[in-house]
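For reference, the structure discussed in these notes is given below.
The values are calculated or read from the model by the stated rules, or taken from the named source; none is laboratory data. In this text the structure is predicted, and so the values were computed from the model without any measurement. Quick reminder, even Gly has a Cβ in these numbers, built from the backbone with ideal geometry, and neighbours come from all protein chains shown. In case anyone asks, the SASA skips ligands and DNA or RNA and just uses the protein heavy atoms, side chains included. Shrake-Rupley method; radii C 1.70, N 1.55, O 1.52, S 1.80 Å.
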Amino acid sequence: MAKILVTGAAGFIGFHTATKLLDRGDEVVGLDNINDYYQVSLKHDRLKQLEGRDGFQFAKVALEDRDAMNGVFETHGFDSVIHLAAQAGVRYSLENPQAYVDANLVGFVNILEACRHNKVGHLAYASSSSVYGANKNKPFRVTDRVDHPVSLYAASKKANELMAHTYSHLFGLPTTGLRFFTVYGPWGRPDMALWLFTEAILKGESINVFNHGKMRRDFTYVDDIVEGVIRVNDNVPQANPDKDPLDDSTTAAPYKVYNIGNNQPVELMHMIEVLEKAIGKTANKIMMDMQPGDVPETFADIDALQRDVGFRPDTPIETGIERFVDWYKSYHKIAG
């Protein structure tokens with residue numbers, strides 16, 4: 001049994017990760033600031049599923065509150081940290097950039113410093129497929145150059161990877177970054193396309209289909225994401241002093257970055273068809289131009305993940321969407 005800090009525990013992926021860790025007998029401290037980026041009622045409802053369970057404690061703390069963060073670390077003495085809290089959303093970063101600086105940059109330094117000074121054994125943290133920007137190479141590989149982000153959110157996540165490498169190099173802190181690809185499933189986020197489309201179709205409202213539907217996403221079911229996160233957390237990267245100094249695709253530091261995606265991009269229009277079938281209603285579609293900061297396609301190369309932790313996400317989108325629709329109707333008490 002390990003003692004693990006899960007940040008963003010009231011969030012979508014954090015909630016599911018904390019649940020699975022508790023199921024296997026770990027002790028979990030869940031940290032979240034319960035911000036109002038989307039309705040806090042959903043966050044509180046997720047927390048209700050965790051509170052009262054053996055081995056779970058909750059700390060309401062903002063990442064940028066350095067003193068409070070240090071207090072959590074000093075009180076508990078964590079074996080590892082799974083850092084999933086962040087200011088999320090590509091489009092919102094155009095409206096409120098300061099929120100990304102506070103949570104994703106200042107907050108991440110606070111996490112790194114707390115891990116360093118409290119001798120945490122491993123920091124696994126959420127990066128994002130957004131770092132690939134408009135990369136033309138398919139599938140996206142962690143060895144690809146990602147120096148041209150197209151949103152501040154993506155830039156903040158790339159910065160996290162660079163900051164983590166610095167701490168791995170200077171202080172020997174083992175860190176692993178996880179580039180998530182379009183995560184969906186029960187208890188998901190209301191700002192994501194699947195939730196927005198489901199809500200609109202059930203209400204008989206129109207849906208906005210960006211780039212006229214000419215988009216592909218590597219939709220990844222949340223249970224697959226969580227399985228990958230926990231396996232990576234348990235697989236602590238080791239320093240590599242024999243690393244070839246001329247090979248800039250690797251590092252001597254105890255540092256890794258992985259893609260976690262379904263490795264099977266799905267056409268946006270096909271995703272909508274699957275959703276329509278699961279709901280039993282046809283959507284009225286309004287075709288729109290591409291939004292600023294968005295990208296036409298994501299596609300994860302996951303060979304390194306499979307090699308190092310023995311796992312490949314494999315939930316078909318038909319299965320995942322049906323489970324989401326069933327949960328959505330149950331959560332909102334919608335019959336049928």
(message) Take the conditions open to solvent by 20 Å² or more (accessible area, probe 1.4 Å), of a type in the set (D, E, K, R) and closer than 22 Å to His117 by Cβ and apply them to Glu74. Does it pass?
(response) yes
(request) Quick one: count up the residues across region 291-336 that are over 30 Å from Ser93 (Cβ atoms) and among the aromatic types (Phe, Trp, Tyr). (result) 1
(message) Against the conditions (1) assigned to a strand (DSSP E or B); (2) over 18 Å from the mean Cα position of the chain (by Cα), where does Thr198 fall short? Just the number, please.
(response) (1)
(request) Mind listing just one residue for me: the one in region 314-325 that is in contact (Cβ under 8 Å) with a residue 60 or more places away in the chain and over 15 Å from Thr182 (Cα atoms) and, of those, least open to solvent (accessible area, probe 1.4 Å)? (result) Val325
(request) Might you let me know whether region 8-20 holds any residue that is in a strand (DSSP E or B), surrounded by 15 or more Cβ atoms within 10 Å (Cβ to Cβ) and aliphatic (A, V, I, L, M)? (result) no
(request) Could you list, in sequence order, all residues of region 1-17 that are in contact (Cβ under 8 Å) with a residue 60 or more places away in the chain and more than 13 Å from Leu84 (Cβ to Cβ)? (result) Ala2, Lys3
(request) Could you please let me know if Ala88 is open to solvent by less than 50 Å² (accessible area, probe 1.4 Å), under 16 Å from Ser128 (Cβ atoms) and small (Gly, Ala, Ser)? (result) yes
(message) When the residues of region 155-195 are narrowed to those that are part of a strand (DSSP E or B) and of a type in the set (S, T, N, Q), which ends up nearest to Trp327 (Cα to Cα)?
(response) Thr176
(message) Can you go through Val325, Val266 and tell me which one is closer than 24 Å to Ile201 by Cβ, modelled with pLDDT under 95, touching a helix residue (DSSP H, G or I) at 6+ places or on another chain (Cβ under 7 Å) and of a type in the set (A, V, I, L, M, F, W, C)?
(response) Val266
(request) Among residues belonging to region 169-202 that are charged (D, E, K, R) and open to solvent by 20 Å² or more (accessible area, probe 1.4 Å), point out the one that is nearest to Gly14 (Cα to Cα). (result) Arg189
(request) Give just the number: which of (1) modelled with pLDDT of 95 or more; (2) closer than 26 Å to Arg91 by Cβ does Asp234 not satisfy? (result) (2)
(message) Can you tell me which of (1) at pLDDT below 95; (2) touching a Phe, Trp or Tyr at 6+ places or on another chain (Cβ under 6 Å); (3) farther than 17 Å from Leu63 by Cβ; (4) open to solvent by 30 Å² or more (accessible area, probe 1.4 Å) is the one Leu152 doesn't meet?
(response) (3)
(request) Give the number of residues within region 27-83 that are closer than 16 Å to Lys3 by Cα and basic (Lys, Arg). (result) 1
(message) Among the residues in region 158-168, are any open to solvent by 20 Å² or more (accessible area, probe 1.4 Å) and over 24 Å from Gln238 (Cα atoms)?
(response) no
(request) Can you give me the number of residues within region 21-54 that are of a type outside the set (Lys, Arg), touching a Gly at 6+ places or on another chain (Cβ under 8 Å) and either under 14 Å from Gly188 (Cα atoms) or surrounded by fewer than 17 Cβ atoms within 10 Å (Cβ to Cβ) (or both)? (result) 3
(request) Kindly indicate whether any position in region 18-35 is among the basic types (Lys, Arg), touching a strand residue (DSSP E or B) at 6+ places or on another chain (Cβ under 9 Å) and touching a residue at least 24 places away in the same chain (Cβ under 8 Å). (result) no
(request) Just name the residue that is most open to solvent (accessible area, probe 1.4 Å) out of those in region 94-135 that are under 20 Å from Asn235 (Cα atoms) and over 19 Å from the mean Cα position of the chain (by Cα). (result) Lys119
